[in-house]
Amino acid sequence: MTTTTEERRPSSDRSGHIAIAVIVAAAAVGGALAESAPTGGETVDLIERTLAAALVTVAGAGSRRFPLILFATLPTMLASPPWLFVGLIAIAVLIVELALRRGPEPIVGAVVAGLSAQVALRLGDVGPTGLTALVGIASGVLVVGSAIQQRARRTRRLAWGAVGLVAALALVVGGFTLAGAVQAAPRADDAFALSNHGLRLARDGDVEGARPLLEEAGASLALAGEKLDGWWSGPAGALPIVAQHQRAAVELSAAGGDLTSLAGDVTNLVDSDALRGEDGRIDLDQIRSLQEPTRRAQEDVDRTLEVAASVRSPWLVGLLQDRITDLEDRLDDVQPSTDLAADVAELLPGLLGAEGRRSYFLMLLTPSEARELGGISGSWAQIGVDDGQIALEDRGRSDDLVELDMRLDETYPASYRESLPGPNPQNYSSTPDMAVATRGADELYRAAKGRAVEGVISVDTAALAGVIELTGPVAVPGYPFVLTQENTRQFLLYDQYEVFPDRGERGDYLNALIEATFEQLIDGELPRPERLLGILGPLVEQDHIRMLTFDERETELFEQLGLDGRLDVVEGSDVVGVFHSNTGQNKLDAYLEREIDHDVRIDWAAQTVASTITVTLTSTEPPPGLPPIVTANREGYPAGTNSANLFVLTPLEVDAIRIDAKEQETWVAQQEGALNRRGLPVVVPPGATVTVEFALSGPLDMEDGYRLTVLHQPVAVDDQLTLAVADTDDVTWIEQPDAEAPAAGEGPRSVSRTFETLFLAGE
């Protein structure tokens with residue numbers, strides 16, 4: 001009788017059977033080494049991958065041609081290198097064999113199936129959720145089914161009977177798992193809603209309102225986990241796809257339950273009243289009591305994120321994938337807060353003198369006479385802390401720190417050295433980098449006073465107004481007026497120079513004001529932490545308060561808090577920073593308005609950027625009758641003339657600088673860390689407007705997109721910033737004007753210290 005092209009010729013070649021056995025063994029080893037997780041259980045997955053690879057390879061030796069073609073082709077279409085090439089090899093082997101023979105030989109079928117199995121077991125997450133898993137399973141089943149059909153009738157019946165039994169058991173176990181999921185879903189949804197609400201309340205300071213919500217969320221998630229972890233969970237763990245869903249739901253419910261329960265425990269431990277302290281002393285034991293729970297909260301958030309990442313799989317349905325994504329997003333929002341809380345609880349006792357007395361140098365900046373960090377430093381104080389007790393140890397004027405022979409070494413930027421902060425101690429704020437100012441202030445204070453400090457604090461008039469909001473009105477003994485939240489900034493920026501035209505008198509009053517404010521702040525109970533955060537938080541964001549120490553871990557904490565003020569720019573990012581420094585030794589910057597327009601043009605193909613920064617300086621012409629300390633100019637310009645060094649910080653090159661459209665032939669070119677510092681003197685007559693334009697260009701690494709950082713100088717009259725970014729195809733990526741200036745009495749407003757955004761090429 002004749003045979004069809006799809007039939008196999010029996011082989012009695014013993015070496016052929018040995019070869020197939022070797023191929024099957026190799027395929028099994030390859031399957032064991034794959035990383036696919038059909039169930040999510042490490043041991044079970046190892047066994048199932050090994051058996052699947054061996055079974056489909058054995059089946060390939062007896063399969064018909066068409067199932068082998070599908071098994072070789074479909075996974076290869078979804079594969080990525082190097083397994084794409086393995087799949088192509090399998091297809092090539094099959095094509096060559098079929099071209100030479102009427103049907104594939106058993107050895108060839110085993111080779112093709114074994115190679116294709118390796119590809120199928122290593123498919124990534126391509127296309128719709130579960131597509132790769134479905135393709136791998138379906139095409140492999142076709143090969144196995146074809147091989148069964150080629151066996152004798154009795155063998156076929158036994159094989160299909162075994163398949164049917166396994167399928168029935170899988171349906172039963174899968175049905176119970178589905179039923180448990182249906183019961184658990186409402187509780188899980190309620191738990192996530194409760195935890196979201198509770199975390200929002202806790203973030204806003206409503207600890208009492210957050211506690212019951214978080215506790216109830218933890219209980220609901222625990223019950224949801226019980227519904228999913230019944231007697232059927234063991235058998236379900238061996239079923240591909242079903243096991244992945246059951247494991248993901250159980251582990252996420254358990255992790256989420258632990259997290260929300262712990263959050264409830266933390267709210268129980270936080271006693272904000274106890275943290276306030278009395279008589280200027282903060283109870284360090286109360287802070288230490290938070291170290292363990294905050295660290296556990298940090299670890300639980302990290303562990304839950306790890307769980308979410310570990311249960312992700314192309315085997316999961318889209319709904320569960322979305323739930324995991326939502327959970328990750330929520331935890332990504334929470335993680336910085338838990339990290340910060342843990343670090344604060346750990347490091348704050350040391351900052352408050354838990355390991356011994358510490359001293360901090362405080363400089364009060366006056367933006368009426370601008371410097372890069374904010375303003376000149378006319379007054380200073382030394383604050384000491386010892387075992388939580390805070391004390392004002394010394395204070396004075398900048399004149400007290402004059403060191404005529406002091407010179408800074410070349411580790412400092414050239415512009416900072418040229419400001420001569422030793423002979424001119426009011427200039428130790430002549431840098432936009434708090435790290436540089438901290439080193440300079442420490443070196444100056446050691447030279448002048450012979451005292452070591454552990455850190456430096458920078459505050460300006462807006463920050464002092466915020467402190468007075470905390471303390472309530474401050475009356476300085478011997479002076480007939482009272483400073484309040486409403487009048488402090490006005491007085492310090494403008495009125496003090498009329499009230500105290502004599503520099504010595506003015507300095508004496510400021511020293512007395514610092515002492516009176518400090519004593520009132522620490523007298524009795526310190527403000528509640530949430531009140532401190534509500535008032536001082538915006539001032540920190542606007543760079544009115546900065547702090548650094550010489551400890552690396554503490555510096556990292558200050559960075560998390562936004563206090564560090566360091567000129568630390570991400571490599572490859574674009575930067576715009578506009579700064580000016582008063583050169584007239586007057587207080588006219590209180591009458592100077594700055595408008596900054598930053599236009600960016602991106603060339604994605606060339607990986608270059610061309611920018612124009614236009615700075616419009618407007619003098620509002622101070623009122624007549626002001627003392628010379630406000631309006632005079634050491635450089636000989638008429639009274640009321642504002643003179644300053646204006647410059648930009650940028651990673652790009654400055655191609656041209658124009659003043660009122662007239663191109664300038666020369667300008668100062670220096671370095672500020674990794675950034676180019678380019679600028680020149682600018683003179684603004686009283687009541688006039690001067691426009692300075694900087695043309696910039698240069699290459700940037702924009703493979704992953706365009707990132708811009710806006711650096712901020714706290715000034716007396718807040719900047720108006722307009723940002724526009726487009727590309728060479730005239731696609732506008734952003735057009736962002738800043739908010740309007742506040743009305744009188746609304747308090748300070750400024751551009752955020754760092755505004756970062758990412759623009760992706762091609763989108």
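Derivation of every value follows stated rules applied to the coordinates shown; laboratory data play no part. Remember, it's a predicted structure, so these values are computed and weren't measured experimentally. Cβ sites come from the backbone with ideal geometry, for glycine too, and all protein chains shown count toward neighbours.
Summary table
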read-out: Note, ³J(HN,Hα) from phi for segment 68-77, Karplus 6.51, -1.76, 1.60, rounded to Hz, x at Gly and Pro; value: 5, 4, 5, 5, 7, 8, 4, x, 4, 5
read-out: Order of Trp604, Trp667, Trp83, Trp380 under a 10 Å beta carbon neighbour criterion, fewest first; value: Trp667, Trp604, Trp83, Trp380
read-out: Cβ-placed point charges (K, R +1; D, E -1), dipole of segment 358-561 about Cα centre in debye, nearest 20; value: 200
read-out: Rg [Å, one decimal], Dmax [Å, integer] - segment 70-113, C-alpha atoms; value: 10.5, 32
read-out: Spin-label pair Lys449/Glu42, simplified geometry with 7 Å Cα→Cβ offset, distance in nm; value: 5.7
read-out: Cβ-derived FRET efficiency at R0 22 Å, Glu653 paired with Ala414, nearest 0.05; value: 0.75
read-out: Nitroxide proxy distance, nm - points 7 Å out along Cα→Cβ at Ala724 and Phe66; value: 6.4
read-out: Positive dipole terminus of segment 14-150, leading residue within Val24, Ile148, Trp83 (C-beta point charges); value: Ile148
read-out: Sites Glu486 and Ala605 - FRET efficiency at Förster radius 45 Å, r taken between beta-carbons, to 0.05; value: 0.25
read-out: Segment 86-92 - phi-based ³J(HN,Hα) in whole Hz, Karplus 6.51/-1.76/1.60, Gly and Pro as x; value: 4, x, 5, 4, 4, 5, 4
read-out: Volume of the Cα convex hull of segment 14-150, divided per residue and given in Å³; value: 99
read-out: Taking segment 14-150 and dividing mean pair separation by its residue count, relative contact order in percent (alpha carbons under 8 Å, at least six apart); value: 34
read-out: Per-residue HN-Hα couplings for segment 433-440 [Karplus 6.51, -1.76, 1.60; θ = phi - 60°; Hz; x = Gly/Pro]; value: 9, 4, 5, 5, 4, 5, 4, x
read-out: Shape call, segment 414-567: gyration tensor on alpha carbons, a/c limit 1.5; value: oblate
read-out: Potential extension, Asp329-Arg303 segment - 0.36 nm per residue separation minus Cα distance; value: 7.9 nm
